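Input: a single structure, listed below in structure tokens.
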Amino acid sequence: MRDGPDRLYTATPTKRFMETCKKCRVHWAIFSDKYGVWFPDIKHEWYEKDPSRVSEAEFARLLDDFDAKLERFDEIWFYHNPGRFHPLYKRLLSQTKLRDRIHMFSHLGEIGLEQFRSGNIGAGMMKQRDSSADPGSVRVSLREAAQILGELHICKAHGPNGKINGPNCQNHLGHRDPQTGRWHWDVAELIREAERRQSVPVEVIQSLRDRYRIPEPPDGGGERETKNKPNLPQASRAELALAFQDACVQLESGLKNALPAWQVNPDRRSLGNLIREASEKGLFGELQVREGRFVNAVRNALYHPTPENISDDRIRRATDSAQALWSELK
């Protein structure tokens, strides 16, 4: 019998994923070990196939299908269970041409923003810009907004215990959908507020623009911007290094809380060891482990002098990576 994935998939986690997508009125897709990316309006015959039995030729076809069907998406978000993420999917994410667009998440509550298109890729999800909004509009949910609000020094987005301060975030440029009751934040609006306050160096703002592909405003930049507005402060090397150090400490703390202690002195575990543990216990996928190793390499090079010269841009990228990894642990 041919039918859509919502009728043929019966596993509880998958059904919850699809039901949440329907309830939140978002588009979604399933990643099938046989058919590849399977959107809900497509009907296929049911099949039984273990991902461990996918041949090299079949994997190559799945990879080509993935790249072709998801090329139009600016970002690809994967909903997954870190402890049960099959090696087939890890391999797919590491070899796809779209790997730079991939983000991982593990909470169904993050589904629901209007601009998301989502799909269970061995558990996963995709995101693109809201075509009905302003050209530079990118909406984010609470977890991502809290990270940005903190980066831009707009408000105290996290409490002393590291948990997100939801009400404080909502009071700072949060928007509530009256139909779904869900909150969202516009990244371009947050950037404009930081520029108005001059709360962070211009490099931080530019890094966010690059990360979310937010274009410069029509009346911003260039000679006119220089004449009419005071320049935002430039971050010094010491300020960049301090921000990076804070991000590393935050990541280390999050990993220690997430990973059970197995050593006599668990608090002395290094960042490198914690990242290895996160990989071995399935807490981080291959992409996150790669980012974690990059962060650790920059940290070692920065605080243990080597012949390698660490550029300011590399420190910024490592800071962004450490903050992103920490946010995935919450």
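Read-outs throughout are calculated quantities, based only on the coordinates presented, and are distinct from any laboratory measurement. This is a predicted model, so every value here is computed, not measured. All Cβ positions, glycine included, derive from the backbone under ideal geometry; neighbour counts span all protein chains shown.
Results, tabulated for the structure shown:
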| quantity | calculated |
| --- | --- |
| For region 2-100, diffusion coefficient by Stokes-Einstein and Kirkwood Rh (Cα), 25 °C, 0.890 mPa s, µm²/s | 170 |
| Long-range HN-HN contacts of residue 28 with modeled amide H, under 5 Å | 118 |
| 18 Å Cα-Cα threshold exceeded, pairs from 256/281; 34/281; 43/69; 163/256; 90/281 | 34/281 |
| Theoretical gain in end-to-end length, residue 173 to residue 45 [0.36 nm per residue, Cα-Cα removed] | 41.4 nm |
| GluC sites (Glu not before Pro) lying in DSSP loop within region 1-86, provided at most 13 other Cβ fall within 10 Å | 48, 71 |
| Added length on full extension, which subtracts the Cα-Cα distance from 0.36 nm per residue, residue 107 to residue 68 | 11.4 nm |
| Karplus 3J(HN,Hα) series, Hz, for region 275-289 with 6.51 cos²θ - 1.76 cosθ + 1.60 (x for Gly, Pro) | 5, 5, 4, 4, 6, 5, 8, x, 6, 10, x, 4, 5, 5, 5 |
| Amide H contacts of residue 105 (H built 1.01 Å from N, under 5 Å, at least 5 apart or other chain) | 78, 79, 80 |
